[in-house]
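Notes follow once the structure below has been shown.
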Amino acid sequence: MGLELLVASAIGILTAAGMYLVLRLRTFPVIMGMSLLTYAVNVFLFASGRLTIGAPPILTDAARYTDPLPQALVLTAIVISFGMTAVVVMIGLGAYLGGDDDRVNDPAPETEAEETT
Amino acid sequence: MSLFLVVALPFLGALLPGLMNSAGRQACAGVTFTVTLAAFIGLLTNLPTVLAGEVVTTGVNWLPALGMNVNLMLDGLGFFFALLILGIGLLIITYARFYLSRDDNMGEFFTYLLLFQGAMVGIVLSDNILLLIVFWELTSLSSFLLIGYWKHLPEGRQGARMALTVTGMGGLALIGGMLILGNITGSYDLSVILQSREIIQASPLYLPALVLILLGCFTKSAQFPFHFWLPHAMAAPTPVSAYLHSATMVKAGIFLMARLWPVLSGTPEWFVIVTTAGLVTMVLGAVIALFKHDLKALLAFSTVSHLGLITMLLGTGTAFGAMAAVFHILNHATFKAALFMSAGIVDHETHTRDIRRLGGLRHLMPVTFGIVTLAALSMAGIPLLNGFLSKEMMLEEAHHTVLFGSHWLAPSLAVIGSLFSAAYCFRLISHTFLGPKRDDYPAHPHDPGFGMWGPPALLVVLVVMIGCAPFLAEPFVKIVTASLLGEAATVPTAHFKIWHGLVPALYMSIAAVLGGLVVLALFKPLLRMWDGAPRPEAKVIFEALVDAVVALSRGIIHSLHTGAFSRYAAIAAVTITAAGYHAWATGSVGAATRVPQPAGPVEIAGWVMLVTATLGLVFLHRNRLLSLILIGIVGLMVSVGFVLFSAPDLAMTQITVEVVTIILLLLALNFLPNRTPVESTVLRRMRDAVVAIAAGLATFALSYHFLLRDTVAPSISEFHLASSYKGGGGSNVVNVILVDFRGFDTFGEIIVLGIAALLIYALTETLLDGPVRARLLNRKPDQPRAGDMHPMMMVVLTRVLMPLVMLVGFYIFWRGHNEPGGGFIAGLIVSIGVVMQYMASGFSWTSARLRYPYHGVIGAGVLIAGLTGIGSWFFGKPFLTSDFTYVRIPPFEKFELATAALFDLGVFLAVVGAVMLSLESFSRLARRSQMTDNEHPMDIDPSRAESDPADPGNPKREGV
């Protein structure tokens, strides 16, 4: 079993789990799912530099280094995704505190009409 | 004065009236007047050059790749229009000062007016048609603001909306036409386009370009069938109507037709479209105007009619017609602005504009009566007034025009138009001012102060002067005509004369005036016929159209946009997966070029932990606290993976972000229910699982395939690795990329991060101001609180750790350029240190010791990073060029000083500020819901304690 298979399958599993949770009906699991998708995307971007062991991009006398560019891109992506998670959590929390309901879907129009009558 | 300044002055000046608002109305109007006067004088300084027949040009490149440059030019035509815009602008500003009441916000009004003025001057001075379009759209927007200036009037809002819709659609058409024109000639510069008559008229795209450009012009200048918006725009304050809807904005379409006349006119298409539209508009406007009872509506339709007249003159395509058009633009601007301002005076004094309620005002308002009479007679085409001269020229031109093969169609329509024009002018005078004095005016009318009647009086002086001595205006009109015609034709030699002899035009003129008197005599029976006749109401049709479009888009949006987030997510996932599958199935896959690397037991163990935690999360996600723990494991394993695959920076970032994310989610869980109920059916869960597994398989296949293949082309990373030390002065290539090679990206990213934090802050503020506040205050925690809110062990430990954390942060920051670390990671580490204080010692204790607000920290970070980037400008380098040097201060070792470190400091501060502001906002919510405000750390929750903790003699407290 190769490392490539492990990483690729981890990305796949993270995506599938994230996607399943994103399709749930309450805010908290959806946020969890988005976090899993974030991991999947970050690892995927990182892996676009291919997998290299023991060759960090710190200049020494070494002959080979791993690709530094995806690392730089993913580093900012990790920090930004924290900011975005925080915003989404805040919006979800605000909706829950304001409406006492943490469903992600708007009620269907028919039920809305029933509620108002 | 430079043309740039002439165009820029109104825009820059637009800032002033708003600022001067509190200094009083006089100051507000004064500053507006001064700005306009400065631009006016600046324009006049260019007069000698224009009179010499030369063209003043100036320009800078803006987007040369798109052919869009700020090129300005001033020739006779541009000068003429700019003179009208700024000159009449000065009169209107004076008039508006006295017209607006104390309740009106004068600063706002003059700001809009100056914006509009700048945009208009921009249109007439543009040498680049793309620039012209920008100004064109600006006039639409600023006129929208001006028409809707009285926001409390529904007519004003509706009129503004209609004007914006019609002129905005025309603007879109115009953009299309201009792009085609630029495409044909290969340049967007007017000076080039105006030389390309043959190329343009021979092009197969000539007709589409012409139609699109004319759509823009006709909508702007209210030509049939787009004439309906102008009367509704009259809900605006009268200075706006006088300025925009008689003297300037509606002339923008005319201006553009005149500007492009040398290249577009002279073809049968131009002739038929423009002349017909002009004639129809002229007759239709005049007929409707006669039967309007509102003074301003009457003037509005008369404006429509006169614009039609000018359009018709441009449409004939002869040099004489063009000269007559220029002359009539001048004359119309003088008498019509005077009439509008007088209508405003009547409205202001009698509190009504309804002609049926007026009459006999000549005794009460003799000055206004004199002004209106002279201006209206000029409009009717009575000799010795300027309107007569250009109307004669129009009739002369119509007499020679053969439209649709008929010799009598154009002349007779011109006579009918003139006839009704004379009739409504006579009606305006007689029904408003003549007749017996009434005793039921809504107010007691009398002549206003000089400030209000001075500006129209000045214009009427011009009306009479040009009318009696046309030779005064002739040289100027001929210079303007010369620049309008360009090289397409030569200026006619005919002189402006009051008496041309017994020519057909004279008979036509006499017929029109006499006919006008007859129509006025028969006004009552005619009005009954008019009122009885069915006719389409443009506003109703327009609103029905708008309603239909709204209903259509609502239907489409509501069927697609149901508010069901899960549905959107599922559709997106399925679509993306299907697109990927399509690419996979139709493309080809190369052979694997990389050998799989063997995985040892440790790697497999890590994978198993990651997968177990992920699957556990899926199956146990209903227990929310447990799912937080599981996602922590996932994050940890991802960080470990980064360590394994040679990414120490990423590992450090991931693990620190993990800590703050978990804290954030814990804070949120404090309020959210801690379990997710079972809601979806088994079938639905199966469906979601299928979608999720398909997406997972797809990403797995994609990742696996490219992990086993090399990149198709060599990446830029080789360059980064090679020049990191030499060019960036750092050996940590990831950090050098972040702060140097791609510093601009990072700069953008810290700004995004800052905005996200500010958004969270703003949302918290909104929540705390709304009804949520009461709910939070009344909230009972669903679980028992801890007895000691601030455990002593934790307080002591975090305080001891704080300097240590700071030291680590400083170390990580400073070594970041050469070793794993840097601003992002150091920022996160320091944030964790501060968050620990919040957690251990409490919100009040920590915020009492907070010297700088987090907003300020974010701002300082972005500012430092930005200023570092700007610093390189002083050395003539592009934004964010970095520099570094090595210094040695004994007893320290030689170390590096790089501007990149300063930039990294900005990143550090922005990260600390953003993370702390987000977390602090969440805990502010929590603080609201707490029963007691804990002032002291290490205290015991009084709701648990039997005795009063505030008592200093409390033995329990001393025991702590």
For this session: Specify which residue in the list B:716, B:653, B:619 is farthest towards the positive end of the charge dipole of the protein assembly as shown, using unit charges on the beta carbon of Lys, Arg (+1) and Asp, Glu (-1), about the Cα centre.
Result: B:619
Seminar exercise, completed: Measuring from its Cα centre, region B:733-949 shows a charge dipole (+1 at each Lys and Arg Cβ, -1 at each Asp and Glu Cβ) which, in debye to the nearest 20, is 160 debye
For this session: Evaluate region B:413-534: find the radius of gyration of its Cα atoms, find its Kirkwood radius, and give the ratio Rg to Rh.
Result: 1.08
Problem set entry | HN-Hα J in Hz across region A:93-98 - Karplus 6.51, -1.76, 1.60, θ = phi - 60°, x for Gly and Pro | 5, x, 5, 5, 5, x
Problem set entry | Charge dipole of region A:3-116 about the Cα centre (unit charges at C-beta), most positive-ward option of A:63, A:78, A:30 | A:63
Seminar exercise, completed: Whole-Hz Karplus couplings 3J(HN,Hα) for region B:485-495, θ = phi - 60° and coefficients 6.51, -1.76, 1.60, Gly and Pro as x, run 5, x, 9, 6, 7, 9, 5, x, 8, 3, 9
Exercise. Which of the lysines could be linked to residue B:539 by a straight reach, that is with a Cα gap under 29 Å, when you skip same-chain ones fewer than 8 residues away?
Worked result: B:151, B:220, B:251, B:292, B:296, B:336, B:524
Seminar exercise, completed: Tilt, helix B:366-380 to longest principal axis of chain B (alpha-carbon atoms), in degrees rounded to tens, equals 80 degrees
For this session: Could you state how much accessible area is buried at the A-B interface, both sides summed, with a 1.4 Å probe, in Å² to the nearest 100?
Result: 8800 Å²
Exercise. Rounded to the nearest whole Å², what accessible area per residue is found for region B:733-949 with the 1.4 Å probe?
Worked result: 51 Å²
For this session: Report the equivalent ellipsoid semi-axes for region B:733-949 in whole Å, largest first, defined as the square roots of five times the eigenvalues of the gyration tensor built from alpha carbon atoms.
Result: 40, 22, 11
Exercise. Taking the Cα centre of region A:3-116 as the origin, how large is its charge dipole in debye, to the nearest 20, when only Lys and Arg (+1) and Asp and Glu (-1) carry charge on their Cβ atoms?
Worked result: 740 debye
Problem set entry | Loop-located chymotrypsin sites (Phe, Trp or Tyr not before Pro) in region B:473-522 whose Cβ has at most 10 other Cβ within 10 Å (DSSP) | B:499
Problem set entry | Rounded accessible area of residue B:500 (nearest 10 Å², 1.4 Å probe) | 80 Å²
For this session: Grab the DSSP H runs of the protein assembly as shown that are 4 residues or longer, score each as -39,500 (n - 2.57), total them, divide by all residues and round the 222 nm result to the nearest 500 deg cm²/dmol.
Result: -23000 deg cm²/dmol
Seminar exercise, completed: Sorted list, accessible surface of protein heavy atoms, 1.4 Å probe, largest first, for B:779, B:675, B:438 is B:675, B:438, B:779
Seminar exercise, completed: Expressed in nanometres to one decimal, the distance between label points 7 Å along Cα→Cβ at residue B:293 and residue B:510 is 3.8 nm
For this session: Mind listing the long-range amide H neighbours of residue A:26? Cut-off is under 5 Å, sequence gap 5 or more, other chains count too, H placed in the peptide plane at 1.01 Å from N.
Result: A:104
Problem set entry | Cβ charges +1 (Lys, Arg) and -1 (Asp, Glu), total dipole of the protein assembly as shown, debye | 1260 debye
Seminar exercise, completed: Restricting to lysines and to Cα separations under 29 Å from residue B:726, and discarding same-chain partners fewer than 8 apart, the set is B:877, B:894
Seminar exercise, completed: Residues whose modelled amide H sits under 5 Å from the amide H of residue B:816, counting only those 5 or more places away in sequence or on another chain, are B:822
Seminar exercise, completed: Percent relative contact order for region B:733-949, counting Cα pairs under 8 Å at least six residues apart, stands at 34 percent
For this session: Please name which of B:846, B:344, B:233 has its Cα lying farthest along the dipole of the protein assembly as shown towards the positive end, using unit charges on Cβ (Lys, Arg +1; Asp, Glu -1) and the Cα centre as origin.
Result: B:344
Exercise. Using alpha-carbon positions, what is the distance between the centroids of region B:823-848 and region B:565-588, in Å?
Worked result: 43 Å
Exercise. Can you give the translational diffusion coefficient of chain B in µm²/s, computed by Stokes-Einstein from the Kirkwood radius over Cα pairs at 20 °C and 1.002 mPa s?
Worked result: 62 µm²/s
Problem set entry | Contact order relative to length of region A:3-116, as percent, for alpha carbon pairs under 8 angstrom and 6 or more apart | 24 percent
For this session: Could you give the spread of the C-alpha atoms of region A:1-91 along their three principal axes, from largest to smallest, in whole angstroms?
Result: 53, 32, 14
Problem set entry | With at most 13 neighbouring Cβ atoms within 10 Å, loop GluC sites (Glu not before Pro) (DSSP) excluded, longest segment of chain B | B:55-486
Seminar exercise, completed: The percentage of the accessible area of the protein assembly as shown (probe 1.4 Å, all protein chains present) made up of carbon and sulfur atoms, to the nearest whole number, is 70 percent
Problem set entry | Kirkwood estimate for the protein assembly as shown, i.e. one over the average of 1/r between Cα atoms, Å | 35.0 Å
For this session: Quick one: accessible surface of residue B:633, probe radius 1.4 Å, all protein chains present, in square angstrom to the nearest 10.
Result: 60 Å²
Exercise. By how many degrees, 0 to 90 and rounded to 10, does the Cα axis of helix B:899-929 deviate from the longest principal axis of chain B?
Worked result: 80 degrees
Exercise. Residue B:894 accessible area, nearest 10 Å², 1.4 Å probe?
Worked result: 130 Å²
Exercise. So for B:2, B:918, what's the accessible-area order with a 1.4 Å probe, most first?
Worked result: B:2, B:918
Exercise. Are there trypsin sites (Lys or Arg not before Pro) in region B:492-595 that DSSP marks as loop and that have at most 16 other Cβ atoms within 10 Å, and which are they?
Worked result: B:497, B:594
For this session: Just subtract the alpha-carbon distance of residue B:62 and residue B:597 from 0.36 nm times their residue separation and send over the number in nm, one decimal.
Result: 187.3 nm
For this session: Heavy atoms only, probe 1.4 angstrom, no DNA, RNA or ligands counted: give me B:292, B:478 ranked by accessible area, highest first.
Result: B:292, B:478
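The values are calculated or read from the model by the stated rules, or taken from the named source; none is laboratory data. Treat the numbers as computed from the prediction; the structure is a model and nothing was measured. Don't worry about glycine lacking a Cβ; one is built from the backbone with ideal geometry, like all the others, and counts go over all protein chains shown. Just so you know, the surface numbers come from the protein's heavy atoms only, side chains and all, with ligands and any DNA or RNA stripped out. Shrake-Rupley method; radii C 1.70, N 1.55, O 1.52, S 1.80 Å.
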